[in-house]
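Have a look at the structure below before the remarks.
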Amino acid sequence: MSNRENYYEKSGKILLIQLSEPYLIMFDKKRILTFMGLLVLFAGVGISQSVFAAASATPAPDLTGTGMGMLALAVFVIAYVLIISEETIRLRKSKPIIVAAGVIWLLVGITFIQLGDTHTASAAFKHDLLEFAELFLFLLAAMTYINTMEERGVFDILRDWLVMKGFSLRKIFWFTGLIAFCLSPIADNLTTALLMATVVISVGGGNSKFIAIACINIVVAANAGGVFSPFGDITTLMVWQKDIISFTGFFALFVPAVVNWLVVAVILNFAVPRVQPDPLEAEARLRHGAWIVVALFLLTISMAVAGHNLLHLPPVAGMMTGLGLLKLFGYYLQRRDEQFTHISRVGLRDSALAIDSESESAHDEERPTYDIYHNLQRAEWDSLMFFYGIIMCVGGLGAFGYLAVGSELIYGGLGPTTANILVGFTSAIVDNIPVMFAVLEMYPEMSHGQWLLVTLTAGVGGSMLSIGSAAGVAVMGQARGYYTFFAHLKWAWAIVLGYFASIAVHMWLNAEAFLR
């Protein structure tokens with residue numbers, strides 16, 4: 001078993017750079033797949049709940065004060081505590097949340113039956129489940145593309161180019177930050193953060209100070225870059241799929257996002273050591289068809305966006321069509337690999353130089369033929385089931401009226417501007433995904449500018465703490481011992497400055513949007 005296989009086996013992590021290895025360092029593929037999972041799965045539930053509520057003839061009753069309602073909330077809190085303790089108690093996060101979802105909906109069903117309503121609970125559950133299935137297919141299509149690009153070596157080329165150039169640590173700091181900001185709108189912030197973190201770990205060697213500062217810069221840049229694209233962050237896709245902000249409407253957040261990153265980067269820049277590391281050697285090579293897969297991926301994204309914006313079809317229609325194209329191309333890759341393997345074996349058997357080619361033969365046998373279903377199997381199923389549990393738990397709590405009450409207390413009492421700014425701080429503690437999901441479930445009446453504001457704050461607010469975003473958590477795992485919670489916390493004040501600077505720029509630059 002290779003070192004790579006040992007790594008997978010012991011830590012349960014799959015390499016990649018995703019929606020990508022040695023390399024000198026490995027990518028945490030599970031977290032990448034997790035990101036893409038969250039990217040689409042949470043979006044649909046926000047749509048389904050509000051659509052369902054809008055379709056109801058009467059508003060949902062406030063059942064938060066009932067015994068069943070309080071019990072449901074207690075069940076969710078207990079499950080969430082177990083999720084947070086996953087690393088300590090070694091209990092997969094999907095297990096408690098799925099059980100919690102079942103218990104909560106059991107309580108919802110009993111409650112509505114007692115009210116004489118035999119339809120609402122069933123209809124709400126089925127609607128959420130249907131949305132989950134639709135978005136689940138979206139997720140599988142996206143993950144399969146990312147897996148294939150990783151397997152073809154697309155992401156390795158960028159990483160190794162940076163490693164071999166022999167840049168100074170300060171240049172590496174700025175290059176990785178800039179690439180993280182520019183790449184995250186396309187490849188998502190988690191994928192980008194993991195790729196750039198691998199570069200700084202490889203180049204930084206044992207320079208723990210540089211690695212920590214560079215990782216902070218990468219997390220901030222990736223999160224900031226993700227807010228002006230529906231594909232850059234989970235929260236932005238949630239807002240886009242709910243038709244609150246159009247695909248091009250997110251571009252209004254480009255300048256605030258740049259400010260958010262640059263304020264932090266300029267401050268961190270002065271702490272970067274003035275050291276010239278030795279250039280490293282790397283031999284990443286693209287496998288056959290790599291750029292065709294990239295082209296198909298871009299075509300698939302275009303079909304998803306165009307189908308949603310022009311034909312009002314769900315994005316999954318374009319994604320699944322693109323997956324079909326990849327499967328056809330995968331058939332070609334598989335046949336080509338099989339023919340290549342057959343020709344190699346025949347040639348070696350008939351050649352008088354077979355002995356000299358023994359090592360090459362062994363290498364060929366170690367390289368399996370392309371199999372698209374292998375990439376599907378590499379999905380992080382624990383996370384997929386976790387998404388189901390979270391979606392159904394929040395939907396069940398919404399049926400009891402908790403989200404309506406929360407919306408009234410927060411947005412009605414504090415006002416949208418204050419509430420949306422606080423969303424960013426909450427995102428840093430709780431994680432921006434459930435926070436934005438709750439906001440979408442509440443669906444408060446806000447101007448277009450306020451929706452842009454909450455999208456911005458939820459996206460960049462998670463950067464204030466290392467645990468506040470999927471990118472931060474993933475990089476902590478990858479740069480273990482270098483990039484830690486307290487290393488990030490040390491520079492939280494600079495990130496807060498960038499946070500408020502981006503808000504100020506948004507409110508000034510997009511002032512007209514607050515009037516409509």
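Laboratory data are not the source of any read-out in this text; all were calculated from the coordinates shown. Given the structure is predicted, the values throughout are model-derived calculations rather than measurements. Ideal geometry is used to build each Cβ from the backbone, glycine not excepted, and the neighbour counts take in all protein chains shown.
Of the cross-linked pairs Lys171/Lys490; Lys126/Lys242; Lys165/Lys209; Lys93/Lys126; Lys242/Lys490, those separated by over 28 Å at the C-alpha level are Lys242/Lys490. Between Ile467 and Glu338, the C-beta separation translates, for a Förster distance of 45 Å, into a calculated FRET efficiency of about 0.45. Here the residues Leu453, Leu268, Leu403, Leu286, ranked from fewest to most Cβ neighbours within 10 Å of their Cβ, fall in the order Leu286, Leu268, Leu403, Leu453. Among Arg336, Arg152, Arg285, Arg90, a tally of other beta-carbon atoms within 10 Å of each Cβ gives an order, fewest to most, of Arg90, Arg285, Arg336, Arg152. In this simple spin-label model, placing a label point 7 Å from the Cα along the Cα-to-Cβ direction at both Phe500 and Arg285 gives a separation of 5.5 nm. On full extension, the segment bounded by Lys165 and Met507 gains 119.1 nm, given 0.36 nm per residue less the C-alpha separation.
Packing here is the average count of other Cβ atoms within 10 Å per residue, and on that basis the peptides 95-103, 472-480, highest first, run 472-480, 95-103. What FRET efficiency comes out for the pair Tyr331/Leu298, r = Cβ-Cβ distance, R0 = 30 Å, nearest 0.05? Efficiency, from the Cβ-Cβ distance: 0.90. Positive-end ranking of Ile421, Pro444, Val394 along the dipole of the stretch 379-516, with charges on Cβ about the Cα centre, is headed by Ile421. Here the residues Arg92, Arg378, ranked from fewest to most Cβ neighbours within 10 Å of their Cβ, fall in the order Arg92, Arg378.
Classify the stretch 60-101 from the C-alpha gyration tensor, please: rounded if a/c falls under 1.5, else prolate or oblate depending on whether a/b exceeds b/c. It is prolate, given that a/c is not under 1.5 and a/b is the larger ratio. Inter-part distance, the stretch 423-501 to the stretch 129-206, computed on C-alpha centroids, equals 20 Å. Using the Cβ of Pro61 as centre and a radius below 15 Å, the other residues enclosed give a net charge of -3, where K and R count +1 and D and E count -1. The HN-Hα couplings worked out from phi for the stretch 457-471 by the Karplus form 6.51 cos²θ - 1.76 cosθ + 1.60 (θ = phi - 60°) are 5, 5, x, 8, x, x, 6, 5, 10, 5, 8, x, 9, 4, 5 Hz, whole numbers, x standing for Gly and Pro. Given R₀ = 60 Å, FRET efficiency for Arg274-Gln377 by Cβ-Cβ distance, to 0.05? In this case the efficiency is close to 0.80. The Cβ shell under 15 Å around Leu253 holds other residues with a net charge of -2, Lys and Arg each +1, Asp and Glu each -1. Compare the Cα positions of Trp240, Leu311, His288 along the charge dipole of the stretch 225-315 (+1 at Cβ of Lys, Arg; -1 at Cβ of Asp, Glu; about the Cα centre) and return the one farthest towards the positive end. It is Leu311, whose Cα lies furthest towards the positive end.
Shape analysis of the stretch 72-157 places it in the oblate category; the axes a ≥ b ≥ c from the Cα gyration tensor give an a/c of at least 1.5, with a/b not above b/c.
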